[in-house]
Every structure is written in structure tokens, then in C-alpha cells.
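Here is the structure we will look at.
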């Protein structure tokens, strides 16, 4: 019997192809939007989690409480220094450490000028930094101890996507008026910021930028077998003591990979939920469209309903025909929405890779997302068509046969 209901519902939809298509527009656009948002959100979350897995769970990050990438003067005098690095390096459980300082610079090459960030790192303490960033030399080499006025560049420099002319090992860039030689180019990371970065040795950096002691971020690797949280607590207590602060006025933050990942996940969920909520408005519009179409269909087929009842169809039969018909409208709209949403998601992923140089923005389409979207479309259709279906089932036979 259910099979017969579906056959009748499909026939009725085919008779009204244009109306059915227009009715589904609201559904498939909303399903496509929600699918695209969730797909990109899942893909981004997966890519970030993969980055954190590569990072490892034995790293700790220390930075000023005010951050370090704000506009000039935004740090309000709160700084970490190399004295803090020395204190941390002597704490039990600390296996190795790295740190960096960033500065805004005027960078000139082949007659072009760019204003961008330059990063100073100590070559003798760069291993943790290199491991965290998964940096490897594609051409030339990384910085080495005793390197002076040497640079390592991200791959976008080599590809001519920072300056029009590609840079090569041996070329010179002029930074804040001083010529510095390119010693190496990094392999692609997939993050545009990393892939356009400029690294130089810390001593040359401090001299060039006139930053004698400031440290922006300290990265610590914990000894194998040590508990990351316990080492973080030791660092926190020691820094409070040496910096003369308490828990209430602590002027630095200590972050662990799990905390960073959790914070990112929370922000991503909030943004995705907000955008999905906006997309849900079109679902309501689509549901109203289905309800309107089904009410119109009931009126148009009043005489047909009377004939079916006259030859023995029961109220539940009439109800099921219209109920399934509205559900099919939602289901087909869901199928179209999934296809459109996946196509748009893959297009955005392609643009991100080819134009932005990042592989963080990926389209994910797990089976539960596809099936959930289709089920959601079917449910929206059936809910929207319930009242029209009830109205059709309660049609009086005599009145229906007389209806013109």
C-alpha cells in the first residue's frame, strides 16, 4: 500500500513539474546553504585538528596577556623578555625552547615595496619553532648559528605571489633600508601567513628593528614523561615570582595545544550556528511554499478526492497521498540542495587552494551530513504538508463530487 501511495504522489508531482520545481527552490537553497556551511566548518575543523596533531601535545606557549600582534603601542608596556626565557629554560621538565619577536617592516625587492611582518628567531634555539611550524627547506637551507643578515622566506616569495618577480636563494631583499641575503625558501605550509613569512636571525633582527630585549612568544617543549599541565604550573608560578605579579594581576598567558584547539572549536561553532540560523530563515520560507502549494493542490483536486472516496478510499489513504507528496517535495529539494551545497563547497576549496594558497579551507561531506540533510528536507516537507493533507482527508464526498 505504501508503494502505491508513493506512485500516486510521484505522478501528481510530474503533472505539475514547473510548480513543483518552484516550490522546491526555497528548500534546496536553504539546504544547500546549511550543507555548505557545515561542510566547510567540518573541513576546517578537521584540518586544524590535523595541524594540532602534528604540533604534538608536549608544547606550551607563553605570551603577554595583551597579545603581540596589535597596533603600535597596544601592548601597554607589558612585555616578555629574554630574561623570562632564561628563567623558563631552567625549570624542571623543560626539554627545549624557542622564541620569536615580530616587527613591521618596509620590504623592497625588484623595484617593488611591501609592508609586512618580519620574524626574528635565535638559530641556536629554533628547533621547537621549526617543529611546531613543520618548516622544511625547499631550496637552500634554514638559518644556522652565526648566520648574520640572512633570510629564510616562505614559498609564496619563490612563486612570485608576494613580489611580481620570484625570489631565489642568493637574491637580496631590502628591509628597512638594509640589504639582506636570502639563504633559503621553505616548503609550502598551506597557511598564507606562513607561506609569505620572512625569517631572520634574532641578533640581526634586534639591531635592524631596534628592539633590544622584547620577546613576543616563548615556545616550550616538555620532557618526555612529564605532565604538560604540571610543567605549565611550574612555569606560571616561577614567572609570577620573577615578574613580581600575582594571580589577580598576572600579565602573561600560558596556553597548551588542547586549550587552543578548544577555543578555536568554540569560536567556529558559534559562527557556524549563527550563519546556519540565518540560512534556516529560507527553510521557513520554503516550508511555507510547500504548504501553499499543497493547499492549492487540494483545492484543484477536490473533485478527484471525491472520486477516490466514492470508490472506497479512506481518509487515511487521502491523507497519506498528500502527506507523502509534500515529503517528496522536501526530499527532492534536499537532494538538489546537497548537490548544490557540495558543489559550492568544493569550488570554495579550489579557490582557497589556487588563489589564497591555503589548504585549511576544505569541504567535508561525511555520510551523516548527507543523510541528515536529506532527512531534514523530507521532514520539512512532511511537516509543511500535514495540515493540507488533513484538510484533504476530511473532504466531504458529496461536496467534492459537486466541486467545479
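Things to note:
- Looking only at residues of the stretch 135-170 that are at pLDDT below 90 and touching a strand residue (DSSP E or B) at 6+ places or on another chain (Cβ under 6 Å), we find that the one that is farthest from residue 186 (Cα to Cα) is 147.
- Residue in the stretch 335-345 that is assigned to a loop (DSSP other than H, G, I, E, B) and modelled with pLDDT of 80 or more present: no
- Those residues of the stretch 79-121 which are more than 32 Å from the chain's Cα centre (by Cα) and under 22 Å from residue 197 (Cα atoms), in sequence order: 108, 109, 110, 111, 112
- Listing of strands (runs of 3 or more DSSP E) fully contained in the stretch 176-294 that carry 2 or more residues being farther than 30 Å from residue 381 by Cα, in contact with a helix residue (DSSP H, G or I) (Cβ under 9 Å, 6 or more places away or on another chain) and at pLDDT 90 or above: 178-186, 198-201, 217-222
- Test set (1) part of a helix (DSSP H, G or I); (2) over 19 Å from residue 291 (Cα atoms) - residue 364 fails condition number: (1)
- Selection count, the stretch 87-105, where residues are touching a residue at least 12 places away in the same chain (Cβ under 8 Å), touching a strand residue (DSSP E or B) at 6+ places or on another chain (Cβ under 8 Å) and farther than 12 Å from residue 62 by Cα: 9
- Just one of the listed residues (26, 43, 93) is at pLDDT 90 or above, buried (at least 17 other Cβ atoms within 10 Å of the Cβ) and more than 30 Å from residue 209 (Cα to Cα), namely 93.
- Residue match in the stretch 101-112 (condition: surrounded by fewer than 17 Cβ atoms within 10 Å (Cβ to Cβ) and touching a helix residue (DSSP H, G or I) at 6+ places or on another chain (Cβ under 8 Å)): no
- Among the residues listed as 118, 38, the single one being buried (at least 16 other Cβ atoms within 10 Å of the Cβ) and at pLDDT 90 or above: 118
- Residue within the stretch 229-242 that is free of Cβ contacts under 8 Å to residues at least 40 places away in the same chain, crowded, with 16+ Cβ neighbours inside 10 Å, in contact with a strand residue (DSSP E or B) (Cβ under 7 Å, 6 or more places away or on another chain) and under 30 Å from residue 160 (Cα atoms) present: no
The values are calculated or read from the model by the stated rules, or taken from the named source; none is laboratory data. Keep in mind that what you see is a predicted model, and the values were worked out from it rather than measured. Glycine also receives a Cβ, built like all others from the backbone with ideal geometry; neighbour counts cover every protein chain displayed.
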